[in-house]
Amino acid sequence: MSGEPRDAVVQYPGGVRVRYRWGGSGQAEAVFALSEAGGSLTDLGEQVSDDPDCLCRAELRVETPAGIWTARLASAIFDEPSGLVWDSESLLVVKYGFHTWAFEARTGELRWAHRSRSPLLAVLGSSRLAHVLVQAEIETFAIEADGTVAWRVAHSDVVASVELVGGHLALASYGGLMTVLDPATGRAMR
(Lines give C-alpha, C1' and ligand atoms only; values in the text may rest on other atoms or scores of the structure.)
Protein backbone atom coordinates (compact mmCIF):
# COMPACT_ATOMS: atom_id res chain seq x y z
CA MET A 1 0.00 0.00 0.00
CA SER A 2 1.55 3.27 -1.04
CA GLY A 3 0.69 6.79 -0.06
CA GLU A 4 0.49 8.55 3.23
CA PRO A 5 -1.16 7.10 6.33
CA ARG A 6 -4.76 8.15 6.82
CA ASP A 7 -6.43 9.84 9.80
CA ALA A 8 -9.90 10.16 11.25
CA VAL A 9 -11.13 11.77 14.45
CA VAL A 10 -14.35 10.58 16.07
CA GLN A 11 -16.11 12.13 19.07
CA TYR A 12 -18.10 9.48 20.95
CA PRO A 13 -20.65 9.99 23.76
CA GLY A 14 -19.29 10.39 27.27
CA GLY A 15 -16.46 12.69 26.24
CA VAL A 16 -14.46 9.97 24.47
CA ARG A 17 -12.49 11.34 21.52
CA VAL A 18 -10.48 8.97 19.31
CA ARG A 19 -7.91 9.84 16.69
CA TYR A 20 -7.47 6.87 14.38
CA ARG A 21 -4.34 6.73 12.20
CA TRP A 22 -3.64 3.78 9.89
CA GLY A 23 -1.49 2.75 6.95
CA GLY A 24 -0.65 -0.11 4.63
CA SER A 25 1.82 -2.96 4.89
CA GLY A 26 5.24 -1.90 6.10
CA GLN A 27 4.13 1.67 6.95
CA ALA A 28 4.44 1.35 10.74
CA GLU A 29 7.14 4.02 10.93
CA ALA A 30 4.97 6.52 9.03
CA VAL A 31 1.82 5.64 11.00
CA PHE A 32 3.60 6.08 14.34
CA ALA A 33 5.68 9.13 13.30
CA LEU A 34 3.01 11.55 14.53
CA SER A 35 2.29 9.78 17.83
CA GLU A 36 1.46 12.29 20.51
CA ALA A 37 3.19 12.19 23.90
CA GLY A 38 1.35 11.62 27.15
CA GLY A 39 -0.77 8.84 28.56
CA SER A 40 -0.18 5.12 28.36
CA LEU A 41 0.87 3.30 25.19
CA THR A 42 0.11 -0.35 24.48
CA ASP A 43 1.24 -2.13 21.31
CA LEU A 44 -0.99 -5.15 20.61
CA GLY A 45 0.56 -5.90 17.22
CA GLU A 46 2.28 -9.07 18.45
CA GLN A 47 -1.13 -10.58 19.25
CA VAL A 48 -1.64 -10.63 15.47
CA SER A 49 1.88 -11.44 14.20
CA ASP A 50 5.42 -12.03 15.44
CA ASP A 51 6.49 -9.23 13.08
CA PRO A 52 3.58 -6.77 13.21
CA ASP A 53 5.43 -3.88 11.55
CA CYS A 54 5.47 -5.82 8.26
CA LEU A 55 1.66 -5.78 8.34
CA CYS A 56 -0.78 -2.89 8.15
CA ARG A 57 -0.76 -0.87 11.36
CA ALA A 58 -3.17 1.42 13.16
CA GLU A 59 -2.91 3.68 16.18
CA LEU A 60 -5.78 4.86 18.37
CA ARG A 61 -5.15 7.93 20.52
CA VAL A 62 -8.01 8.12 23.01
CA GLU A 63 -8.80 11.16 25.13
CA THR A 64 -11.36 10.74 27.92
CA PRO A 65 -12.35 12.80 30.97
CA ALA A 66 -10.26 10.32 33.02
CA GLY A 67 -7.11 10.65 30.91
CA ILE A 68 -5.33 9.74 27.69
CA TRP A 69 -4.24 6.38 26.32
CA THR A 70 -2.95 4.98 23.03
CA ALA A 71 -3.18 1.51 21.50
CA ARG A 72 -1.41 0.17 18.44
CA LEU A 73 -2.97 -2.61 16.37
CA ALA A 74 -1.91 -4.75 13.39
CA SER A 75 -3.83 -6.26 10.50
CA ALA A 76 -3.00 -8.70 7.72
CA ILE A 77 -5.20 -6.66 5.36
CA PHE A 78 -5.51 -2.94 4.66
CA ASP A 79 -8.51 -1.71 6.62
CA GLU A 80 -9.89 1.42 8.20
CA PRO A 81 -10.30 0.96 11.96
CA SER A 82 -13.65 1.96 13.42
CA GLY A 83 -15.56 1.40 16.60
CA LEU A 84 -18.20 2.36 19.09
CA VAL A 85 -18.44 3.24 22.75
CA TRP A 86 -20.52 0.65 24.63
CA ASP A 87 -21.78 3.01 27.34
CA SER A 88 -23.32 0.50 29.74
CA GLU A 89 -20.09 -1.53 29.82
CA SER A 90 -17.69 1.44 29.59
CA LEU A 91 -15.94 -0.17 26.62
CA LEU A 92 -14.49 1.17 23.40
CA VAL A 93 -14.97 -1.67 20.90
CA VAL A 94 -12.85 -1.38 17.75
CA LYS A 95 -12.75 -3.50 14.59
CA TYR A 96 -9.59 -3.65 12.51
CA GLY A 97 -8.85 -6.27 9.88
CA PHE A 98 -9.90 -9.64 11.25
CA HIS A 99 -9.92 -8.58 14.92
CA THR A 100 -12.31 -6.92 17.33
CA TRP A 101 -10.73 -5.30 20.38
CA ALA A 102 -12.60 -4.21 23.54
CA PHE A 103 -10.82 -1.63 25.69
CA GLU A 104 -11.82 -0.09 29.00
CA ALA A 105 -12.85 3.27 27.54
CA ARG A 106 -11.30 5.40 30.28
CA THR A 107 -8.05 3.48 30.87
CA GLY A 108 -7.24 1.61 27.66
CA GLU A 109 -6.94 -1.73 29.45
CA LEU A 110 -7.69 -4.55 27.00
CA ARG A 111 -10.77 -6.41 28.24
CA TRP A 112 -10.95 -8.91 25.35
CA ALA A 113 -10.04 -9.56 21.73
CA HIS A 114 -11.86 -11.68 19.15
CA ARG A 115 -10.59 -12.95 15.80
CA SER A 116 -12.86 -13.66 12.85
CA ARG A 117 -12.02 -15.94 9.93
CA SER A 118 -12.97 -13.23 7.43
CA PRO A 119 -12.47 -9.44 7.29
CA LEU A 120 -14.71 -7.35 9.53
CA LEU A 121 -17.18 -4.87 8.11
CA ALA A 122 -18.67 -3.24 11.20
CA VAL A 123 -19.21 -3.21 14.94
CA LEU A 124 -22.77 -2.31 15.93
CA GLY A 125 -24.44 -1.75 19.26
CA SER A 126 -27.58 -0.58 21.00
CA SER A 127 -28.49 0.12 24.61
CA ARG A 128 -31.28 -2.43 24.08
CA LEU A 129 -28.83 -5.27 23.46
CA ALA A 130 -26.83 -7.24 26.03
CA HIS A 131 -23.97 -7.60 23.52
CA VAL A 132 -22.27 -5.88 20.59
CA LEU A 133 -22.70 -7.16 17.05
CA VAL A 134 -19.61 -7.84 14.97
CA GLN A 135 -20.21 -8.24 11.24
CA ALA A 136 -17.63 -10.10 9.19
CA GLU A 137 -17.86 -10.92 5.48
CA ILE A 138 -19.13 -14.46 6.10
CA GLU A 139 -20.46 -14.47 9.66
CA THR A 140 -22.18 -12.39 12.31
CA PHE A 141 -21.19 -12.54 15.99
CA ALA A 142 -22.86 -11.27 19.14
CA ILE A 143 -20.18 -10.72 21.79
CA GLU A 144 -20.97 -10.13 25.45
CA ALA A 145 -19.13 -7.71 27.73
CA ASP A 146 -16.74 -10.44 28.95
CA GLY A 147 -15.80 -11.46 25.38
CA THR A 148 -18.01 -14.55 25.28
CA VAL A 149 -19.69 -15.22 21.93
CA ALA A 150 -23.44 -15.17 22.72
CA TRP A 151 -24.40 -16.38 19.23
CA ARG A 152 -22.90 -16.75 15.77
CA VAL A 153 -24.53 -17.00 12.35
CA ALA A 154 -22.66 -18.14 9.23
CA HIS A 155 -23.69 -16.78 5.82
CA SER A 156 -23.76 -18.56 2.45
CA ASP A 157 -22.68 -15.45 0.51
CA VAL A 158 -20.28 -12.61 1.30
CA VAL A 159 -22.01 -9.81 3.22
CA ALA A 160 -21.48 -6.46 1.51
CA SER A 161 -23.38 -4.15 3.87
CA VAL A 162 -25.04 -4.25 7.28
CA GLU A 163 -27.34 -1.92 9.21
CA LEU A 164 -29.01 -2.06 12.59
CA VAL A 165 -32.36 -0.40 11.96
CA GLY A 166 -35.80 -0.59 13.52
CA GLY A 167 -34.89 -3.45 15.84
CA HIS A 168 -33.58 -5.54 12.93
CA LEU A 169 -30.11 -6.42 11.68
CA ALA A 170 -30.33 -6.04 7.89
CA LEU A 171 -27.64 -7.71 5.76
CA ALA A 172 -27.13 -7.44 2.01
CA SER A 173 -24.85 -9.89 0.22
CA TYR A 174 -22.77 -9.41 -2.93
CA GLY A 175 -25.12 -11.81 -4.71
CA GLY A 176 -28.13 -9.61 -3.87
CA LEU A 177 -29.50 -11.75 -1.02
CA MET A 178 -31.19 -9.75 1.75
CA THR A 179 -31.17 -11.32 5.21
CA VAL A 180 -32.80 -9.90 8.32
CA LEU A 181 -31.77 -11.16 11.75
CA ASP A 182 -33.10 -10.51 15.24
CA PRO A 183 -30.11 -8.68 16.79
CA ALA A 184 -30.90 -10.13 20.22
CA THR A 185 -30.92 -13.79 19.21
CA GLY A 186 -29.43 -14.08 15.71
CA ARG A 187 -32.58 -15.85 14.46
CA ALA A 188 -33.83 -15.07 10.96
CA MET A 189 -36.76 -12.64 10.83
CA ARG A 190 -39.41 -12.33 8.14
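The values are calculated or read from the model by the stated rules, or taken from the named source; none is laboratory data. Small disclaimer: the values here were computed from a predicted structure and weren't measured. No Cβ is skipped: glycine too gets one built from the backbone with ideal geometry, and neighbour counts run over all protein chains shown. To get the accessible areas, we keep the full protein, side chains included, count just its heavy atoms, and leave off ligands, DNA and RNA. Shrake-Rupley method; radii C 1.70, N 1.55, O 1.52, S 1.80 Å.
Report the rotationally averaged projected area of segment 5-92 based on its alpha-carbon convex hull, in square nanometres.
Its Cα hull, projected and averaged over all orientations, spans 5.6 nm².
Give the accessible surface of the chain per residue, rounded to a whole number of Å², with probe radius 1.4 Å and ligands, DNA and RNA excluded.
Accessible area per residue, the chain: 48 Å².
Using a 1.4 angstrom probe with every protein chain in place, what is the largest-first accessible-area order of Leu84, Leu110?
Leu110, Leu84
I'd like the FRET efficiency for Ala160 and Arg128, computed as 1/(1 + (r/R0)^6) with the beta carbon distance as r and R0 of 30 Å, rounded to 0.05.
Step by step, r from the Cβ atoms, then E = 0.70.
Using DSSP, restrict attention to beta bridges with both residues in segment 31-71 and report what percent are antiparallel, rounded to the nearest 5.
Roughly 60 percent of the beta bridges in segment 31-71 run antiparallel, per DSSP.
Between segment 141-163 and segment 22-95, how far is it from one alpha carbon centroid to the other, in angstrom?
Segment 141-163 and segment 22-95 have Cα centres spaced 22 Å from each other.
Quick one: if the Förster radius is 30 Å, what FRET efficiency do Thr107 and Glu80 give, using the C-beta to C-beta distance and rounding to 0.05?
0.75
Pop out the carbon and sulfur fraction of the accessible area of segment 1-154 as a percent, whole number, probe 1.4 Å.
After summing per-atom areas, the C and S share lands at 47 percent.
Give me the Debye-computed log₁₀ of I(q)/I(0) at q = 0.12, 0.14, 0.18 Å⁻¹ for the chain, equal point scatterers on Cα only, no solvent, two decimals.
-0.57, -0.77, -1.21
Is it possible to state the helix-based mean residue ellipticity at 222 nm for the chain, with each DSSP H run of 4+ residues giving -39500 (n - 2.57), the sum divided by total residues, to the nearest 500 deg cm²/dmol? What is it?
It lands at -500 deg cm²/dmol.
Net charge near Val159, counting Lys/Arg +1 and Asp/Glu -1 over other residues with Cβ under 9 Å of its Cβ?
Cβ neighbours under 9 Å give a net charge of -3.
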